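No value in this document is a laboratory result; all are computed from the given coordinates. Because the structure is a prediction, the values reported are computed rather than measured. Cβ sites come from the backbone with ideal geometry, for glycine too, and all protein chains shown count toward neighbours.
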Amino acid sequence: MGRSLYLVVLLGILTGALAACVPIALDPARDQFGTATARLGAAEAAPSDAQLAELDRKARAVCTTGYQGQPPTIQPAQNGQQLVDQRLRCGHYDRLQPLNFDTVVWSNIF
């Protein structure tokens, strides 16, 4: 019984390690999302720098590896307000640079 339990645990660990190495297929139609910020009705004027900075802050909070965004669009909302909406696609983690051990601060790890 003890040996078979060790075998089951070992096979579970190996299966998990192999599953972590399998690439995940990217579906461009499903990996977009949007960020928005509200503003008072300003007709069709372009978004201000403060509104663009707020959209950028929200996108950077979600996408830790960078993002590609489409130009912001203006959407109508209630009570004379508008939404400045931007569609985004985050950078994928499989494109990360390899770890450079020369720049690691080892005193923080140990």
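Using R₀ = 25 Å, calculate the FRET efficiency as 1/(1 + (r/R₀)^6) where r is the Cβ-Cβ separation of His92 and Ala46; round to 0.05.
Efficiency, from the Cβ-Cβ distance: 0.25.
Calculate the spin-label point distance for Gln32 paired with Val9, positioning each point 7 Å from the Cα along the beta-carbon direction, and give it in nanometres.
Result for the modelled spin labels: 4.9 nm.
Which ordering of Arg60, Arg3 is given by a fewest-first count of other beta-carbon atoms within 10 Å?
Placing the least packed residue first, the sequence is Arg3, Arg60.
Arrange Leu7, Leu88, Leu52 by Cβ neighbour counts within 10 Å, fewest through most, would you?
Least to most surrounded, the residues fall as Leu7, Leu52, Leu88.
When the dipole is taken about the Cα centre of region 33-93, and only Lys, Arg (+1) and Asp, Glu (-1) are charged at their Cβ, what size is it in debye, to the nearest 20?
Dipole size: approximately 220 debye.
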